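The values are calculated or read from the model by the stated rules, or taken from the named source; none is laboratory data. As the structure is a computational prediction, the values presented were derived from the model and not from experiment. Note that each Cβ is placed from the backbone with ideal geometry, even for glycine, and that neighbours are counted across all protein chains shown. Accessible surface areas use protein heavy atoms only, side chains included; no ligands, DNA or RNA. Shrake-Rupley method; radii C 1.70, N 1.55, O 1.52, S 1.80 Å.
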There are 6 protein chains.
Amino acid sequence: MDPPAISRYPVPKLEDLPDDIRARILEVQEKAGFVPNVFLTLAHRPEEFRAFFAYHDALMLRDGGLSKAEREMIVVATSGANDCLYCIVAHGAILRVYAKDALVADQVAANYRKADITPRQKTMLAFALKVALSSSEIDDDDFAALRGQGFTDEDIWDIGGIAAFFALSNRVANLISLRPNDEFYLLGRVPKKS
Amino acid sequence: MDPPAISRYPVPKLEDLPDDIRARILEVQEKAGFVPNVFLTLAHRPEEFRAFFAYHDALMLRDGGLSKAEREMIVVATSGANDCLYCIVAHGAILRVYAKDALVADQVAANYRKADITPRQKTMLAFALKVALSSSEIDDDDFAALRGQGFTDEDIWDIGGIAAFFALSNRVANLISLRPNDEFYLLGRVPKKS
Amino acid sequence: MDPPAISRYPVPKLEDLPDDIRARILEVQEKAGFVPNVFLTLAHRPEEFRAFFAYHDALMLRDGGLSKAEREMIVVATSGANDCLYCIVAHGAILRVYAKDALVADQVAANYRKADITPRQKTMLAFALKVALSSSEIDDDDFAALRGQGFTDEDIWDIGGIAAFFALSNRVANLISLRPNDEFYLLGRVPKKS
Amino acid sequence: MDPPAISRYPVPKLEDLPDDIRARILEVQEKAGFVPNVFLTLAHRPEEFRAFFAYHDALMLRDGGLSKAEREMIVVATSGANDCLYCIVAHGAILRVYAKDALVADQVAANYRKADITPRQKTMLAFALKVALSSSEIDDDDFAALRGQGFTDEDIWDIGGIAAFFALSNRVANLISLRPNDEFYLLGRVPKKS
Amino acid sequence: MDPPAISRYPVPKLEDLPDDIRARILEVQEKAGFVPNVFLTLAHRPEEFRAFFAYHDALMLRDGGLSKAEREMIVVATSGANDCLYCIVAHGAILRVYAKDALVADQVAANYRKADITPRQKTMLAFALKVALSSSEIDDDDFAALRGQGFTDEDIWDIGGIAAFFALSNRVANLISLRPNDEFYLLGRVPKKS
Amino acid sequence: MDPPAISRYPVPKLEDLPDDIRARILEVQEKAGFVPNVFLTLAHRPEEFRAFFAYHDALMLRDGGLSKAEREMIVVATSGANDCLYCIVAHGAILRVYAKDALVADQVAANYRKADITPRQKTMLAFALKVALSSSEIDDDDFAALRGQGFTDEDIWDIGGIAAFFALSNRVANLISLRPNDEFYLLGRVPKKS
């Protein structure tokens, strides 16, 4: 039986890709042990691929008041609200790895109010969901609530920017019917043996 | 009286910007006669600026079955659904210019069903709004309806991609409270004299 | 090419109308320079025409704490929420004229939170939108917030009454597919030369 | 104990009202045996009172393809969707009387799909609810469905017009917190003895 | 003419039912004077019947801080929000009887904010509707508001439990298209003569 | 550090429970290797506990056209729509075990349209979600669509009944803030070694 399609669109072969894109994909493969499907499927459009990952990296690898795990929490919570299977599963895995916590991703995807996270993180996710779902209603009170939890204005841009970027990402994934790699489902759930 | 703020965040001076960003802004200024506020305000974060406009150009300047005016229609219709003042006003202006039509932008922003556009364009905008508002429900029937109006699968990616990119753009604009330049409101409304 | 239809329903000729209705229409034409389509299209039903404009005038021409521009702001904001093209375009024009402000109508139609208006006016529009969208939830707290901005109870009736009247008006316009006159789109955007 | 207030606003005394309004109220009182609270409470604003009832009568007393009971069904169904206590209770009573049916009003207020009404009436109410809740989405398919059940275009205006008028009425009632007369609750429920 | 169906599913005859179920139905019939349709229609599935009424009784007959009338208010308010005809009509009747109040059921079904009930009861119903409509957002503030009105934590479980049970009940009634007995509509509306 | 609370309410000790409830819990513990928290937390109210599990078993253990895995799919999909962490995690585990499929639970919780399930199962879940989210709109067309996929009317009751029962269950879990056992998160994800 053929493996299930990972996109509604043609998926390029690694050898047909521009050098920079192939290099990025090989680098990810080396690090993760497999190529996440978002790389191969978006490579169908090289220019959008480059812009997508440049934007992603600018927000997710940025220094600042948010930890890497917190950035992934924002991704998982907003992707849950947008019912994006790929992002819930793939970024859920990354969140488990960064947070060294096997449970937090499923908690945040379902309902951040029940997650084992700090009040500060709950305030962060409440705002991220507002950006995801009703951004036209953002006002000064939202900034005040976030500052009250110690977030700087640059942190707030990060929170909102990540929620906004995954508003894009979730929609593209739903558009092309992007399938998560099977590997993601288990990643970070079982403690590694020493 | 001070002019109203164009962003909740600091707006860099042109002379403080990296060369490539300053060059892009000067190019736009030369072409448009003014600097749209999205350029100056996003320049607060140069890496995101570069990714944003690279993504924008990849979708909006791409060859394919959609005209430039149709691409702007998608922006205006979805920004209307997201209540994003900047994008409605700025891209409404661009739509008027590209379509050489003083009325279509206000029509599409309010209710595309009442706009002076073709049935094919109405099918396009119905899908764009689905991507904007309920992308998890996209299915094969949507693709069939679009193909029935002559759209190729690459056109469909363009439609969905633009709706997805402005899902991001609308949210960032609402986050930073991006103010449209006064110039946009009138642009394309008055026929130029020969 | 025929001009586009201005209603799904037959549009009476001026000479076939009852005297009082024809007189009102001629009066408007004299004042505005053209006949707004709402007059000709509603004249298809003379009794409803008379009641409609009597109600309109009772609310919009009433003395009280709200300026004429503020009354039109309520119309534009609630019509934006109801996606009524005619009312956004026609009353947007009237708002620009009364407010002597070329920008405020597009701002209020998209998102009153971003408009160049006073906090008092934002409180007014927040309540108008509640009347438009979730009137069953109105309670004493709403009245307290409005009184806190200096509105009297009669002002509050005006705000709510205008929002309620345009709940009717928007629905009738959407029912008959009422087309705005082309003239409205530009009205009040270009300063008159002295 | 004082009787409960019937409005948030002052309620005029009969003797203080303009002659035409007092006459109308006395006429209703004679016919119904009591004065429905909507008359006394709206009389606080005589001009709006006159326009309101002129509009009401133009739609509800009009000749055409809809029976009086069907017109009241539209009122009750849309008032149910808008959670307007006064209109559900008062027009529920009138519906019971016109339809000579003690059950239909409660059925239509809760869920017209479960009511003992004809398929033609269900099509009518489905459209009325679309006018009440999402009028910007009305399109040719709606007209086709109604014509398929034998409704003329004038009937469709009646259906939509009544739904639109009670969009106004429900909002005004919720604004002023209009209390239904106790008499309405039982009216039409008990068969009259001969 | 045949009487209207009371369920989409077969309705068992009393003599074909297991003894315990028949006994319960006869007991209800003796008390109420008729057999409410929920009994006969759910008896199509005896095991679910037994569990349904055991759950019902555990919540509705429980001792505690809520009166029987208050328990029925919760049923009527949440069934109104779920548009469940059977539960609005049948439990509306029971509420009228328990509260000895001919008006309260129609008030609570339409909009509890307008009902002749205490502030404590309004707080109770606001929470019941949150359980019915957005239970994932329940948080400590809700418990605080209820405790502030004197409800114990066991009372709060009762309120939430009843709202939850009728979330089930409303859905089953809508699934099988359960028809209310005609008797319910009038019950408790006319004061009994002594 | 104390383990996190598994309920807002007191959790009884096994030795304090009525015999039948303790026996049931011990039986589950023997089978599963641990006591799912729903048992201990609901045991705070023995009568509701008994009714809850009687109802659960009547629907989930019933013979008929739905497999055990399909019944759990309904639970997971509707619990996902209701954002109920406990039910997503606990029944996701059970679904993985019954379906012998490590991926299907996360797929169905996020978006059944993207899951590796049959078209018949997608029709089943579309209906289950309608029961969960808008049961008042159920009509004959829904039954026709299900019959078209080979479901009997009794199967349809099962689908709707399970969706209705978990409408209750999700709300109770959210009310008491029921915490999933850590064991559930990993269950059924790793193939057992032979």
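A few remarks follow.
- Note on chain E: with a GNM built from Cα contacts shorter than 10 Å, the maximum mean-square fluctuation among E:Gly161, E:Gly65, E:Gly80 falls on E:Gly65.
- Estimated distance in nm for a label pair at B:Asp116 and D:Asp57, the labels positioned 7 Å out from Cα along Cα-to-Cβ: 4.2
- Shielded residues, segment C:117-142 - accessible-area loss of 20 Å² or more between chain alone and all protein chains, probe 1.4 Å: C:Val131, C:Ser135, C:Ser136, C:Glu137, C:Ile138, C:Asp140
- Accessible surface of segment D:1-143, 1.4 Å probe: 52 percent of it comes from carbon and sulfur atoms.
- Given +1 at the Cβ of Lys and Arg, -1 at the Cβ of Asp and Glu and no other charges, the dipole of segment A:103-194 around its Cα centre is 620 debye to the nearest 20.
- In segment B:126-194, Rg over Rh equals 1.14, where Rg is the alpha-carbon radius of gyration and Rh the Kirkwood radius from pairwise Cα distances.
- Efficiency of FRET from Cβ geometry, D:Gln29 and E:Leu186, R₀ 22 Å, rounded to 0.05: 0.25
- Accessible area buried at the D-C interface, both sides summed, 1.4 Å probe (Å², nearest 100): 3800
- Ordering E:Ile88, E:Gln107, E:Gln121 by Cα displacement along the dipole of segment E:70-126 toward the positive end leaves E:Gln121 in first place; charges were set at the Cβ atoms of Lys, Arg (+1) and Asp, Glu (-1).
- Its DSSP H runs of at least 4 residues, each contributing -39,500 (n - 2.57), put the calculated 222 nm mean residue ellipticity of chain F at -20000 deg cm²/dmol, to the nearest 500.
- q = 0.11, 0.15, 0.17, 0.19 Å⁻¹, chain D: log10 I(q)/I(0) [Debye, one scatterer per Cα]: -0.51, -0.92, -1.16, -1.38
- Relative contact order of chain D, taken over Cα pairs closer than 8 Å and 6 or more residues apart, is 29 percent.
- With its label point put 7 Å out from Cα toward Cβ, D:Asp139 sits 1.8, 1.8, 3.5, 3.9, 3.9 nm from the same residue's point in the other copies, in order from shortest.
- For segment B:80-194, the gyration tensor built on C-alpha atoms gives an oblate shape. Its axis ratio a/c (a ≥ b ≥ c) is at least 1.5, and a/b is not larger than b/c.
- Mean-position separation - Cα centroids, segment B:30-108 and segment C:107-127, in angstrom: 24
- Taken along its principal axes, the alpha carbon cloud of the protein assembly as shown reaches lengths of 94, 92, 52 Å, longest axis first.
- Copy-to-copy label distances for E:Asp19, where each label lies 7 Å from Cα along Cα-to-Cβ, are 2.2, 8.2, 9.0, 9.0, 9.8 nm in order of increasing length.
- Test item: Cα-centred dipole of the protein assembly as shown, Lys/Arg +1 and Asp/Glu -1 on Cβ, debye: 0
- Buried on complex formation within segment D:148-191 (loss of at least 40 square angstrom of accessible surface versus the isolated chain, 1.4 Å probe, ligands and nucleic acids ignored): D:Glu154, D:Trp157, D:Ala164, D:Leu168, D:Arg171, D:Asn174, D:Leu175, D:Arg179, D:Tyr185, D:Leu186, D:Arg189.
- In chain D, the beta carbon lying closest to the axis that superposes D onto F belongs to the residue given here with its whole-angstrom distance, D:Ser134, 8.
- Scanning chain A for long hydrophobic helices, with DSSP H runs required to stretch 18 angstrom or more by C-alpha along their axis and to average at least 0.5 on the Kyte-Doolittle scale, returns A:85-99, A:153-176.
- Dipole magnitude (debye, nearest 20) for segment B:78-122, charges at Cβ of Lys, Arg, Asp, Glu: 200
- Solvent exposure of segment F:4-163 amounts to 38 Å² per residue of accessible area, where only protein heavy atoms count and the probe is 1.4 Å.
- Pseudo-label separations to other copies for E:Ala102 - Cα-to-Cβ vector, 7 Å, nm: 1.3, 6.5, 6.6, 6.6, 6.9
- Here the calculated FRET efficiency for E:Arg8 and D:Arg147, from their Cβ-Cβ distance with R0 = 30 Å, stands at 0.50, rounded to the nearest 0.05.
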